[in-house]
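Read-outs throughout are calculated quantities, based only on the coordinates presented, and are distinct from any laboratory measurement. Predicted, not measured: the structure shown is a model, and the values here were computed from it. Neighbour counts are summed over all protein chains in view; Cβ atoms, including those assigned to glycine, are modelled from backbone coordinates with ideal geometry.
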Amino acid sequence: MCRTDHSGRSEGCAPDSRPGADQATFSALLEDSAEDLYENAPCGYLSTTLDGRIAKINRTLLNWLGYENSELVGRRDFADLLTVGGRIYHETHFGPLLRMQGEISGIALELKTAGGGRLPVLVTSVIRSGSDGQPLLIRTTVFDARDRRTYESELLRARQESDRERERLKRLNATLQKTLLPPTLVDVPGLDVAAYYHVASADEVGGDFYDLFPLDSGTWGFFLGDVCGKGAAAAAVTSLARYTLRAAAVYDPDPAAVLANLNTVLNHEYNGDDPRFCTVIFGLLTPDGDAGGFQVTLASGGHPPALLMRSDGHAYCLPTPGGQLIGVLPDAHIATTSIRLDPGDTLFLHTDGLTEAHSADSADGRYGDEALLEFVQGLAPTTAHDAVAAIRDLLDTFGTGVDDDTAVLAFNVPRHSGEERTRPTT
């Protein structure tokens, strides 16, 4: 709209870029009759009697369905245009709700076309009443939902494809995880051995690993470690670490030399923009002749200390102070210690997923090393299988609080026949 100032000049007029003929056409369209607006609306309109007989239908809906006006008006019911499923829904839900509420909107139905096809639509119906308040007819608006149906079908297809891909990835991760762990622990004469791997997320491959394998001269090698991170990158380091440890132990079984070898390999392979490292405990088990025990030599590279549960009921950490992460520095410091396992003693190794589990009973929200030590003190003396079973039960109490994979490995020298467990008196 234009205004004129006190001098008669026009101001506030929007520029009109349409030619004169287009402006005339535009003005004519604004003057369309109500009948033309009804007939050629971008949606379908129809009016029916209260029993559903079609009394009026616009040209838009007729064109969608492929009918002539004379074929439907006064001759067919609205329900006749519906598919079998739609007709049942109309009789059992749509119609009763419309009568109770007076209107119903956005209902997805399918209409049958004259050629036998199906037209997906969204239907809104309103009951119109006369001046006396008595219902007279039903007015219905029909929106073409073909594009919406196509869009929904694409969304469903994409979701199904995503679900299939997610399931495939879970199977792949599970298979990959199995290749990184020994399927069963080897049998060591005179030793009770147990292990457990708790998977925090089925969608990701964890970085924890362990193994037990024979070496020359009746000695057995074992290790337990934790690679930083998760997923494929961590799995690659896990695989490299596991097989490097086994190969290095065959070449030189000294635990410190084995971890030094692994440190060199990781530092060489992952010293770029994406450094990878791990914590590891590597040990040797050597049977101690007729005494029935085992000599154990441990080397640690930044790993949580092993726990020793003695046959007399005492339990404590095996100190390996100063051991540095494997793969970070070219010459990492590796801490070593030696112990003897006598009948009734149990050696317990774990990754930090256990001690870093969320716990409501802890001041800092984590389970912690002190709580774990107190827990195993309550178990001693015990067997390898009983200790691992108790840890499994403990992990279950944390529920979703265990947000990192956890591996545990336990060794126990069985008691001699007839020997009983004893606890220290307090």
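If you take the Cα centroid of the range 86-162 and the Cα centroid of the range 360-378, the two points sit 61 Å apart. Need one number: the % of Cα-Cα pairs in the range 42-155 sitting beyond the 24 Å mark. More than 24 Å apart: 21 percent of the Cα pairs in the range 42-155. Across all C-alpha atoms in the range 328-373, the radius of gyration and Dmax reach 15.5, 40 Å.
Round to the nearest 0.05 the FRET efficiency obtained for Val126 and Arg157 when R0 = 45 Å and r is the Cβ-Cβ distance. So the FRET efficiency works out to roughly 0.80. Computed over the range 194-326, the percent of Cα pairs more than 26 Å apart is 26. Pair-distance distribution P(r) for the range 134-236, from all Cα-Cα distances in 10 Å bins starting at 0: 11, 26, 19, 14, 9, 7, 6, 4, 2, 1, 0 percent. Entry note, the chain: the mean residue ellipticity at 222 nm calculated from DSSP H runs of n ≥ 4, each adding -39500 (n - 2.57), is -10000 deg cm²/dmol after division by the residues and rounding to the nearest 500. Here the relative contact order of the range 221-287, from alpha carbon pairs under 8 Å that lie six or more residues apart, stands at 53 percent. The alpha carbon convex hull volume per residue for the range 276-325 rounds to 72 Å³. An ellipsoid equivalent to the range 224-271, defined through the eigenvalues of its Cα gyration tensor, has semi-axes of 20, 11, 8 Å when rounded to whole angstrom and sorted largest first. Given +1 at the Cβ of Lys and Arg, -1 at the Cβ of Asp and Glu and no other charges, the dipole of the chain around its Cα centre is 1740 debye to the nearest 20.
Applying a length cut-off of 18 Å (Cα extent along the axis) and a mean Kyte-Doolittle floor of -0.5 to the DSSP H helices of the chain leaves 231-251, 255-269, 384-398.
Kirkwood radius for the range 245-310, taken over all pairs of different Cα atoms as the inverse mean of 1/r, rounds to 13.6 Å. Using the reciprocal of the averaged 1/r over all distinct C-alpha pairs, how large is the Kirkwood radius of the range 332-406 in Å? After inverting the pairwise mean of 1/r, the radius is 13.8 Å. With distances taken between every two different alpha-carbon atoms, the chain has a Kirkwood hydrodynamic radius of 28.8 Å. Lys-Lys pairs in the chain that are eight or more residues apart or on separate chains and whose Cα atoms lie under 21 Å of each other come to 4.
On full extension, the segment bounded by Asn63 and Tyr316 gains 82.5 nm, given 0.36 nm per residue less the C-alpha separation. Alpha-carbon geometry of the range 83-126: the Rg and the Dmax are 11.1, 35 Å, given in that order. Peptides 115-127, 404-416, 294-306, 52-64 ranked from most to least packed give 294-306, 404-416, 52-64, 115-127, packing being the mean of other C-beta atoms within 10 angstrom over each peptide's residues. Solvent-free Debye calculation, one equal scatterer per alpha-carbon of the range 108-158: log10 I(q)/I(0) at 0.13, 0.22, 0.24, 0.32 Å⁻¹ equals -0.48, -0.84, -0.90, -1.10.
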